[in-house]
Amino acid sequence: MFITFEGIEGTGKSTQIGLLKAHLESLGRRVLVTLEPGGSRIGRELRRVLLSLENRDISARAELFLYLADRAQHVDQVVRPALEAGMIVISDRFADSTVAYQAFGRGLDAEMLHRLNEVAVGGLWPGLTLLLDLEPEIGLRRALARNQREDKTVAEGRFEAESLAFHGRVRQGYLNWAARFPDRIRVVDASGTPEATAENIRALVEVRLHDRS
């Protein structure tokens, strides 16, 4: 099963992925955790370009194609082989991020991006996407504090440097996209405690695993 986590900056995706991984492994499942950008060897090179604050002048179209290249390599080198080996794959971001950030955030055409994503993923879509939803003001404050704490403000702070209005558009884009694909994308309130959020996530994942058994 392929599970992806989505959401604006600072929604707690990394924390929730770690908790879900531990839960699934306690049930005897084999789990691979990966991420975008940067889940493959080539992707790690692209991540440095895409997230660095020094590259704020990158154009929207160039940004888009770098993300698509990262995704195609990620699917071919990491995600598909792990799924074929019988593992549960959990990815921190995937194709929906491109629609939310590059279409709703940057203003590119969402339908065009969806078609390009179809090419990049090679027909491999998640069985479940968990959209962690949070007010942009809260998420951005968390993300900025995290980058400062981990000394990543320059290396991985390009999106955190965007305006609050940008992050508001991205959040609304995610919600719009979730409404379009309600069977795959499930919205999870991320404003509560990590434990409460994790409980909601476990319930959604267990239902989907049961449906596939």
From the list Leu140, Leu113, Leu131, which one is surrounded by 14 or more Cβ atoms within 10 Å (Cβ to Cβ), of a type in the set (A, V, I, L, M, F, W, C), in contact (Cβ under 8 Å) with a residue 40 or more places away in the chain and closer than 22 Å to Ala69 by Cβ?
Leu113
Looking at this structure, is Thr11 at pLDDT 95 or above and among the β-branched types (Val, Ile, Thr)?
no
What about Thr197, is it of a type in the set (Ser, Thr, Tyr) and out of contact with any helix residue (DSSP H, G or I) (no Cβ under 8 Å at 6 or more places or on another chain)?
no
Counting just the residues of the stretch 68-81 that are surrounded by 17 or more Cβ atoms within 10 Å (Cβ to Cβ) and touching a Leu at 6+ places or on another chain (Cβ under 7 Å), which one comes out nearest to Leu108 (Cα to Cα)?
Leu68
Quick check on this structure: which one of Asp57, Asp70, Asp96, Asp92 is of a type in the set (Asp, Glu), touching a Lys or Arg at 6+ places or on another chain (Cβ under 6 Å) and closer than 19 Å to Phe159 by Cα?
Asp92
Looking at the stretch 25-72, which of its residues are within 28 Å of Glu84 (Cβ to Cβ) and among the hydroxyl-bearing types (Ser, Thr, Tyr)?
Ser26, Thr34, Ser40, Tyr67
Is there a residue in the stretch 88-99 that is more than 15 Å from the chain's Cα centre (by Cα) and closer than 28 Å to Val31 by Cβ?
yes
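In the stretch 151-192, what residues are of a type in the set (A, V, I, L, M) and either within 19 Å of Asp96 (Cα to Cα) or surrounded by 16 or more Cβ atoms within 10 Å (Cβ to Cβ) (or both)?
Restricting attention to the stretch 151-192, the residues satisfying the condition of being of a type in the set (A, V, I, L, M) are 154-155, 161, 164-165, 170, 175, 178-179, 185, 187-188, 190.
Answer for the stretch 151-192, where residues must be of a type in the set (A, V, I, L, M) and either within 19 Å of Asp96 (Cα to Cα) or surrounded by 16 or more Cβ atoms within 10 Å (Cβ to Cβ) (or both): Val170, Leu175, Ala178, Ala179, Ile185, Val187, Val188, Ala190.
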Filter pass, Ala72 being at pLDDT 95 or above and more than 24 Å from Trp125 (Cβ to Cβ)
no
Go through the stretch 132-173 and report how many residues are part of a loop (DSSP other than H, G, I, E, B) and either in contact with a Gly (Cβ under 7 Å, 6 or more places away or on another chain) or not β-branched (Val, Ile, Thr) (or both).
14
Given the criterion within 28 Å of Arg202 (Cα to Cα) and among the hydrophobic types (A, V, I, L, M, F, W, C), identify the matching residue among Leu134, Leu108, Leu116.
Leu134
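The values are calculated or read from the model by the stated rules, or taken from the named source; none is laboratory data. Source: prediction; values computed, not measured. Ideal geometry is used to build each Cβ from the backbone, glycine not excepted, and the neighbour counts take in all protein chains shown.
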